[in-house]
1. Give me a count of the residues in the range 77-100 that are more than 13 Å from Met34 (Cβ to Cβ) and either among the hydrophobic types (A, V, I, L, M, F, W, C) or not in a strand (DSSP E or B) (or both).
2. In the set Ala61, Ala92, which member is in contact with a Phe, Trp or Tyr (Cβ under 7 Å, 6 or more places away or on another chain) and touching a residue at least 24 places away in the same chain (Cβ under 8 Å)?
3. So which pairs qualify, if the first residue must be in the range 1-20 and of a type in the set (Gly, Ala, Ser), the second must be surrounded by fewer than 18 Cβ atoms within 10 Å (Cβ to Cβ) and in a loop (DSSP other than H, G, I, E, B), the Cβ gap must be under 8 Å, and the two must be at least 6 apart or on different chains?
4. Looking at the range 13-57, which of its residues are of a type in the set (A, V, I, L, M, F, W, C) and either open to solvent by 20 Å² or more (accessible area, probe 1.4 Å) or in a loop (DSSP other than H, G, I, E, B) (or both)?
Amino acid sequence: QVQLEESGGGLVQAGGSLRLSCVHSGRTFRPYNMAWFRQAPGKEREFVAALTWSVSNPVYADSVKGRFTISSDNAKNTVYLQMNSLRPEDTAAYYCAATYGSTLLGRRDTYGFWGQGAQVTVSS
């Protein structure tokens with residue numbers, strides 16, 4: 001079992017920045033991989049970025065490449081999503097997710113553990 005808790009959402013103007021944090025914990029000795037997804041009103045939850053437990057080869061959705069950065073601090077059991085050059089279309093609830101799997105990290109159904117979500121609103 002893995003527990004996830006996001007923080008850091010808020011309201012920002014277009015062009016601004018926000019950093020989301022996800023503290024993860026679990027009674028497991030198995031390594032797990034982490035990701036961020038987002039869901040806008042009336043839309044399906046979509047992949048944003050993923051990072052393996054070995055902190056190698058982060059993966060990004062095309063829509064956020066060059067603007068968002070996923071990183072981790074293993075000493076703090078925390079994964080971050082730094083979001084720069086935010087656009088109104090980035091407005092969504094952002095979810096942290098975890099999986100024991102190591103493939104298909106861009107698929108929502110790969111992940112078995114989810115946080116409660118953090119709202120990000122970008123005004124124009």
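1. 11
2. Values: Ala92 fails: in contact with a Phe, Trp or Tyr (Cβ under 7 Å, 6 or more places away or on another chain).
Only one candidate passes the filter, namely Ala61.
3. Ala14/Arg87; Ala14/Ser124; Gly15/Ser85; Ser17/Asn84; Ser17/Ser85
4. Going through the range 13-57, the residues of a type in the set (A, V, I, L, M, F, W, C) turn out to be 14, 18, 20, 22-23, 29, 34-37, 40, 47-51, 53, 55.
Passing the criteria: Ala14, Leu18, Val23, Phe29, Ala40, Phe47, Trp53, Val55.
The values are calculated or read from the model by the stated rules, or taken from the named source; none is laboratory data. Since this is a predicted model, take the numbers as computed values, not measurements. Here the Cβ is made from the backbone with ideal geometry for all residues, glycine too, and neighbour counts use every protein chain on show. Each accessible area value is taken on the protein alone, full model and side chains, heavy atoms only, with ligands, DNA and RNA left out. Shrake-Rupley method; radii C 1.70, N 1.55, O 1.52, S 1.80 Å.
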